[in-house]
1. Starting from 0.36 nm per residue, how many nanometres of slack lie between T88 and T161 once their C-alpha separation is accounted for?
2. Could you pull the Rg and Dmax for the stretch 110-251, using just the Cα atoms, both in Å?
3. How large is the convex hull of the C-alpha atoms of the stretch 83-190 per residue, in Å³?
4. How many nm is it between the label spots at S134 and A252, if each spot is 7 Å from the Cα in line with the beta carbon?
5. Please report, to one decimal in angstroms, the Kirkwood hydrodynamic radius of the stretch 144-226 built from all distinct Cα-Cα pairs.
6. State the Kirkwood hydrodynamic radius of the stretch 159-205 in Å, one decimal place, computed from all pairs of distinct Cα atoms.
7. Taking 7 Å along the Cα-to-C-beta vector as the label spot, tell me the T95-N169 distance in nanometres, rounded to one decimal.
8. Keeping the other protein chains in place, figure out the carbon and sulfur percent of the accessible area of the stretch 199-241, with a 1.4 Å probe.
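The values are calculated or read from the model by the stated rules, or taken from the named source; none is laboratory data. Since the model is a prediction, treat every value here as computed from it, not as a measurement. A quick note on method: Cβ atoms are made from the backbone with ideal geometry, for glycine too, and the neighbour counts reach across all protein chains shown. Please note that ligands, DNA and RNA were not included when accessible areas were found on the heavy atoms of the full protein model with its side chains. Shrake-Rupley method; radii C 1.70, N 1.55, O 1.52, S 1.80 Å.
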Amino acid sequence: MFTHHHSVLAAGLLVATALVGAACSDATSSDPTSSISATPSFSRTSNGGASSAAAGFAVLGQAAVSCTDGTILGDVGTFQTTPPGAITLVTCPVTGSLHVGDAAAKAAFNAFVAQYDLLAPKVGDCDLAHTLPSTIPASTSLSPGVYCTGAALTATDVTLTLDAGGNANATWLFKIGIPGPAGTGALTGTNFAILLAGGAQACNVTWWVSQAATISTTTIPGTVFQGNILAGAAITMTRGGMNGNAWAGAKADATGVRVGDVTVTGTAVVGCKSSAGNGNGDGNGDGDDDNDHHDKDKHHDKDKHHDKDKDKCNQGVGNGTEGCDPGNSNHRHGSNDEHGGTPGNPGRRGGH
């Protein structure tokens, strides 16, 4: 077991009720495209703001982060210094840096809170077509846009397909529950598989959750959850995969106290480089889906690239040149075969 402590000074699908539908009805138009255009875009190339301050943090907790028998690709941090701040790793390799209450972690967490508050549900966010029931009763497909629930969201043994329709920059924003100190609404997914279609990217999916998020799978090798979770309370992940960031503990109670830890058990977490990405899986705009959280570690001299040095590909539908080795595949990466291609034509090297 490895526990990391570090002390520093604190740096300064039918609508459940007509009432819910009315609360989420679009203020300007019933056209679903109005909801889509309202979806915020968070790019690593932006200057300042929440996404840039928290860039690189795959996991953020208010006080504690624990990981057992899992993996985390990205930085890990807590707002609190020790005690009670702590990062506990048990057979859980982390590709990234550990930050317990240091200046970087505090800045990242504060940026996360600001973003969480900015994305909180408001009247007019969703029209009736974009208001979800509290339970997803069967597998379904959703086009890009902003989706709301007036309560918790539960999904058990279902598959949600997010279809970008060929637009790799398409975004989804799910707003679960009611904002405010007394607001309720948790996300609970059990064997909840999320599939990306039509060029959809995990880093372009955001789940705003009023309270806690619990994602688990009982199947082997397990389901994969796609998207960044911004939770008001704790995040718990058990087995399976998570492509996106897990940030917990943004909501303050009536006294201003925030609580929210992250617990990972047997889950492979592949973080985005910013709170939501640009459509390349790692959120950094280079199209290689390598989740390279430190640019200084990248190979900049393309003339020196050899296939043996390239990252692994995921033999799926192509979405652009990746700089990976098509003969070296890895299903955990959200990339596709070299050289790019289009849906139905993965575009393997040499046209094979």
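1. Gain on stretching T88 to T161: 22.9 nm.
2. 13.9, 41
3. 183 Å³
4. 2.9 nm
5. About 13.4 Å, per the Kirkwood formula over Cα pairs.
6. This gives a value of 12.3 Å.
7. 2.7 nm
8. 61 percent
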